[in-house]
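Colleague: One structure, pasted below without further comment.
Values in this text are rule-based calculations from the coordinates and carry no lab data. Given the structure is predicted, the values throughout are model-derived calculations rather than measurements. As a convention, Cβ positions derive from the backbone with ideal geometry for all residues, glycine included, and neighbour counts pool all protein chains shown.
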Amino acid sequence: MHDIPSYSPQAPERAEVDALPGLTLLQFGTDWCGHCQAAAPAVAEALQASAATSASALRHLLVEDGPGRPLGRSFRVKLWPTLILLRDGQEVDRLVRPTEAAAVARLLAQG
């Protein structure tokens, strides 16, 4: 059984995210979202595998999203969970409502 991580209600400012060096995985959702809970094991499995095989560190930020949340709106997030891979603050690719670790792994491999 995987622990389901908590989404942080304290989101960084967009300028802070744009200035992040290296690889960052932004994960938008909410703790009560069924799709987010269902995706959690796949995301955790892919992150664990990525950490074991990658020499570069990956920052993983879980951001609580919803109406009026500026960071999610700036990334045009419509569905949860949405995973956005950034390299030096620039979007590389995104994945919406993942159900399999392999799909998340393919996203992470683009970093």
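Colleague: Once the other residues with Cβ under 13 Å from the Cβ of Trp32 are scored (Lys, Arg +1; Asp, Glu -1), what is the net sum? Write down the numbers at each step before the final one.
Modeller: On the way: positive: none; negative: Asp31, Glu64, Asp65.
Local charge sum for Trp32: -3.
Colleague: Which of these, Gln48, Gln37, Gln90, has the largest mean-square fluctuation under a Gaussian network model of the chain (Cα springs below 10 Å)?
Modeller: Its mean-square fluctuation being the largest, the pick is Gln48.
Colleague: Treat the count of other C-beta atoms within 10 Å as a stand-in for reagent exposure and order Leu86, Leu71, Leu79 from fewest to most.
Modeller: Taking fewest neighbouring Cβ atoms as first place, the list is Leu79, Leu71, Leu86.
Colleague: Here's another thing I want to ask about it. Helix-only estimate, please: 222 nm mean residue ellipticity of the chain, summing -39500 (n - 2.57) across DSSP H runs of length 4 or more and dividing by its residues, to the nearest 500.
Modeller: -10000 deg cm²/dmol
Colleague: Report the GluC sites (Glu not before Pro) located in segment 1-109 that are in a DSSP loop and have at most 16 other Cβ atoms inside 10 Å of their Cβ, or state none.
Modeller: Loop-located and lightly packed - Glu13, Glu100.
Colleague: Relative contact order (percent) for the chain, with alpha-carbon contacts under 8 angstrom and 6 or more residues of separation?
Modeller: 38
Colleague: Over the chain, with a Gaussian network built from C-alpha contacts below 10 Å, which listed residue (Pro21, Pro41, Pro98) shows the highest mean-square fluctuation?
Modeller: Between Pro21, Pro41, Pro98, it is Pro21 that shows the largest mean-square fluctuation.
Colleague: Arrange Leu23, Leu108 by Cβ neighbour counts within 10 Å, fewest through most, would you?
Modeller: On the way: Leu23 20, Leu108 25.
Result, fewest neighbours first: Leu23, Leu108.
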